[in-house]
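S.K.: I'd like to ask some things about the structure below.
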Amino acid sequence: LLAKERYDFVCLGAGIGGLTGALRAHDLGLSVIVLEKSDQVGGTAAYSSGQQWVAGSYVEEEAGIEDSWEEGFRFLTWLAGGTADPTLLEKFCRTAPQVYEFLGREAGVRWCIFDIPDNGWPDAPGSKKSGRCTELEVFDGKRLPEGWRHITRHSPYSRYSNNEMYHELGGLPNRHTWDPRETKRRTEQDLRFQGSALAAYFVSAIADRDIPMHVNVENRALIVEDGRAAGVVVAIDGEERRVLADRGVLIATGGYDWSPDLVKQFDGRNGFGSRAPQSVTGDHFALMEPLEPKLATVSRPHNLGYREPGEISIGGKDRWQSLYTSYPHAILVNRFGKRFTDESTNSSKSETDNMGEPINTPCFAILDSQYRKKYQVGVVRPGEPLPAAFVEAQSLGELADELGIDPAGLEETVATYNENVRRGVDPDFNRGTTRAAQIRFGDPWMKPNPSLGPLEEPPFYGVSLSPVGVSLTQTGFVTDEYARVVDTHGKVIAGIYAVGNAAAYLDVGSTYHPGTANTRGMTWAYVAAEHAAGFRVPEPAHR
Ligand SMILES: Cc1cc2nc3c(=O)[nH]c(=O)nc-3n(C[C@H](O)[C@H](O)[C@H](O)COP(=O)(O)OP(=O)(O)OC[C@H]3O[C@@H](n4cnc5c(N)ncnc54)[C@H](O)[C@@H]3O)c2cc1C
């Protein structure tokens, strides 16, 4: 039960945003509480690959990499292509290195560089050949206090190693060759990697400080006094309580992946699936309604994948599985049988290219039997039967017919593709030429290009793909440079901050860059805590 009813800073949600806000506010001398709806702490970050993106951090400096937040700002400005608010973007880039240093030096988070810097865009202004993207050193789960260890969210996705080691082991496409005894050993020893490590470091820091954190909390309503958010009405173990917030309520409740109504309303999609925890249901929209917050929509990429009925899920009955057409012997086509993107950088990129371009929706993964023999498809290892969503045929024409693709279009695309692949090139989309493709999304054992392999050996396989959310939701609250929520008249609503996926992506804009989602959650929560404590983080120069 709650120790008291009045705190300075009340954090709703124990994801990356809520936990960072709590840590910073506590270290600035505020009394803090974290109220989490689900029975676990760590949020979506715990299911993430644990990547962050920071330009000009002390981690880069220690590794001898020259960089600055200004260069990072230049790069993200280019990447956002006019979809970001320059004031927010500048504040984000300028503050992230401080946040990083605070978490690394004061809160014991052990960052390490994962060398896929500005991978997809090596020639962009401000792009870096090394540094920026980081991940976590392995975390020994036994270090967590007993009470927290079993409720600190642990990802089902990444029980084997960190990102850097994946590559040495042959990357994700070759994960069926990893030694299952080693996975078992690491699981038994409670070693945590990637997002699981991220969540564990944060929870460990919260526990070290004795910050009160409650799970299974139902946040029923905001307490509004004179137009200002003054606290929340919660129910814990069925008992309703008022929790007052003297200096602010931090909304860090994530996105709305698992609210079909909000997904329909904001994204116009039906039957959307996600790999985020199922407690991420956009509750903040209803909570904030009395204060008339202003909303903004910034289009965001999703992964592409399919539903595997009956597979173990992280929350529901079915598991949503991303499918990588970045590996050799696979392509992504639209219903005309035409390729439309560089599949190798990140399959989610193709969805970005889809935005406003219905000719590429739905799209289809096409594989040949070499892919099946060599690579794992989702959780299916080579030789095991594919899920029912897949179609198999002896010829490309038959496969196209069954999937509803133009057969002649597909045959022509594959013929041209194969011819180019034999010459070792992809003049249409340059597959496999970026460092991301080489390190993360390709098969490092495939030479000379980790992403190029012909589709020539029957049987052929295909599956219709739909967007799979990774909690990078498109609509959120409009916030100012102190993470304060703004109302529909453009006025700041006193006492309320929104960060992470609850805040619109006006800071970094619409393009996904690995690590920016986690970093923005931390950065704006830090800014909010500093503001609530009366600090003024330097104003952005950009106006
Ligand atoms: C498979 C996967 C891989 C990813 N990989 C990366 C990556 O490598 N790098 C990256 O930058 N991003 C990645 N992301 C995205 C990133 O992890 C998220 O965008 C980020 O963690 C969101 O942080 P958040 O603080 O906004 O919310 P979340 O981490 O979603 O946390 C929200 C928390 O609030 C709780 N909550 C919800 N409603 C309420 C309520 N009413 N009251 C109280 N609590 C509530 C939820 O239970 C949850 O614990 C990945 C996501 C997925 C799913």
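The values are calculated or read from the model by the stated rules, or taken from the named source; none is laboratory data. It should be emphasised that the depicted structure is a prediction, and the values quoted were computed from it without experimental measurement. With ideal geometry, Cβ positions are generated from the backbone for all residues, glycine too; neighbour counts draw on all protein chains shown.
S.K.: Would you pick out the residues in the stretch 1-36 that are more than 17 Å from residue 525 (Cβ to Cβ) and either touching a Cys at 6+ places or on another chain (Cβ under 9 Å) or among the basic types (Lys, Arg) (or both)?
M.R.: Across the stretch 1-36, the qualifying residues are 4, 6.
S.K.: If I ask for residues that are under 30 Å from residue 505 (Cα atoms) and among the polar types (S, T, N, Q), which ones from the stretch 443-485 would you list?
M.R.: Scanning the stretch 443-485 gives 464, 466, 471, 473, 474, 475, 479.
S.K.: Scan the stretch 170-191 and tell me whether some residue there is under 24 Å from residue 132 (Cα atoms), assigned to a helix (DSSP H, G or I) and touching a Pro at 6+ places or on another chain (Cβ under 9 Å).
M.R.: No: the stretch 170-191 contains no residue that is under 24 Å from residue 132 (Cα atoms), assigned to a helix (DSSP H, G or I) and touching a Pro at 6+ places or on another chain (Cβ under 9 Å).
S.K.: Another one. Would you pick out the residues in the stretch 40-75 that are β-branched (Val, Ile, Thr) and near the ligand (Cβ under 7 Å from one of its atoms)?
M.R.: Within the stretch 40-75, 41, 44 qualify.
S.K.: Related question: Which ones in the stretch 10-39 are near the ligand (Cβ under 7 Å from one of its atoms), outside any helix (DSSP H, G or I) and in contact with a strand residue (DSSP E or B) (Cβ under 8 Å, 6 or more places away or on another chain)?
M.R.: 12, 13, 14, 35, 36, 37 - these are the residues of the stretch 10-39 that are near the ligand (Cβ under 7 Å from one of its atoms), outside any helix (DSSP H, G or I) and in contact with a strand residue (DSSP E or B) (Cβ under 8 Å, 6 or more places away or on another chain).
S.K.: Sticking with this structure for a sec: Would you point out the residue of the stretch 135-165, among those that are free of Cβ contacts under 8 Å to residues at least 40 places away in the same chain and buried (at least 19 other Cβ atoms within 10 Å of the Cβ), that is nearest to residue 52 (Cα to Cα)?
M.R.: Restricting to residues being free of Cβ contacts under 8 Å to residues at least 40 places away in the same chain and buried (at least 19 other Cβ atoms within 10 Å of the Cβ), the top hit is 161.
S.K.: Would you mind telling me which numbered condition in (1) more than 28 Å from the chain's Cα centre (by Cα); (2) within 16 Å of the ligand (Cβ to nearest atom) residue 499 fails?
M.R.: (1)
S.K.: Go through (1) among the aromatic types (Phe, Trp, Tyr); (2) in contact with an Asp or Glu (Cβ under 9 Å, 6 or more places away or on another chain); (3) over 23 Å from residue 97 (Cβ atoms) for residue 75 and report which single condition fails.
M.R.: (3)
S.K.: Failed condition for residue 377, given (1) over 14 Å from residue 326 (Cα atoms); (2) out of contact with any helix residue (DSSP H, G or I) (no Cβ under 6 Å at 6 or more places or on another chain), with all others met?
M.R.: Unmet condition: (1).
S.K.: Show the residue pairs that are 6+ apart or on different chains and have beta-carbon atoms under 7 Å apart, the first residue being within the stretch 279-292 and in contact (Cβ under 8 Å) with a residue 12 or more places away in the chain, the second being among the charged types (D, E, K, R) and crowded, with 23+ Cβ neighbours inside 10 Å.
M.R.: 280/257
S.K.: Just a yes or no: is a residue in the stretch 210-222 at positive phi and assigned to a strand (DSSP E or B)?
M.R.: No, every residue in the stretch 210-222 fails to be at positive phi and assigned to a strand (DSSP E or B).
S.K.: Something else about it: What residue, among those in the stretch 502-512 that are of a type outside the set (S, T, N, Q) and over 17 Å from residue 525 (Cα atoms), is farthest from the ligand (Cβ to nearest atom)?
M.R.: For the stretch 502-512, the residue satisfying everything is 509.
S.K.: State all residues of the stretch 410-446 that are buried (at least 16 other Cβ atoms within 10 Å of the Cβ), modelled with pLDDT of 95 or more and hydrophobic (A, V, I, L, M, F, W, C); if no residue qualifies, say none.
M.R.: Listed by number, the residues that qualify are 410, 414, 421.
S.K.: Give the residues of the stretch 288-299 that are out of contact with any Phe, Trp or Tyr (no Cβ under 6 Å at 6 or more places or on another chain) and either closer than 16 Å to residue 474 by Cβ or charged (D, E, K, R) (or both), sorted by residue number.
M.R.: Of everything in the stretch 288-299, those that are out of contact with any Phe, Trp or Tyr (no Cβ under 6 Å at 6 or more places or on another chain) and either closer than 16 Å to residue 474 by Cβ or charged (D, E, K, R) (or both) turn out to be 289, 292, 294, 295, 296, 297, 299.
S.K.: Another one. Would you tally the residues in the stretch 383-437 being among the hydroxyl-bearing types (Ser, Thr, Tyr), out of contact with any Phe, Trp or Tyr (no Cβ under 8 Å at 6 or more places or on another chain) and within 24 Å of residue 336 (Cβ to Cβ)?
M.R.: Total meeting the criteria: 3.
The rows are residues; the columns are (1) among the small types (Gly, Ala, Ser); (2) more than 24 Å from residue 514 (Cα to Cα); (3) in a strand (DSSP E or B).
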position	(1), (2), (3)
242	no, yes, yes
253	no, no, no
258	no, no, no
264	no, yes, no
270	no, yes, no
287	no, yes, no
296	yes, no, yes
304	no, no, yes
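S.K.: Going through the stretch 105-125 one residue at a time, which ones are crowded, with 17+ Cβ neighbours inside 10 Å and at pLDDT 95 or above?
M.R.: 107, 109, 111
S.K.: Regarding residue 248, is this residue away from the ligand (no atom under 16 Å from the Cβ), touching a residue at least 60 places away in the same chain (Cβ under 8 Å) and at positive phi?
M.R.: no
S.K.: Being within 14 Å of the ligand (Cβ to nearest atom), out of contact with any His (no Cβ under 6 Å at 6 or more places or on another chain), at pLDDT 95 or above and more than 20 Å from residue 80 (Cβ to Cβ), is that true of even one residue in the stretch 529-543?
M.R.: Yes, some residue in the stretch 529-543 is within 14 Å of the ligand (Cβ to nearest atom), out of contact with any His (no Cβ under 6 Å at 6 or more places or on another chain), at pLDDT 95 or above and more than 20 Å from residue 80 (Cβ to Cβ).
S.K.: Here is a follow-up. Being under 22 Å from residue 303 (Cα atoms), modelled with pLDDT of 90 or more and surrounded by fewer than 21 Cβ atoms within 10 Å (Cβ to Cβ) narrows it down to one of 193, 266, so name that one.
M.R.: Within the list 193, 266, the selection yields 266.
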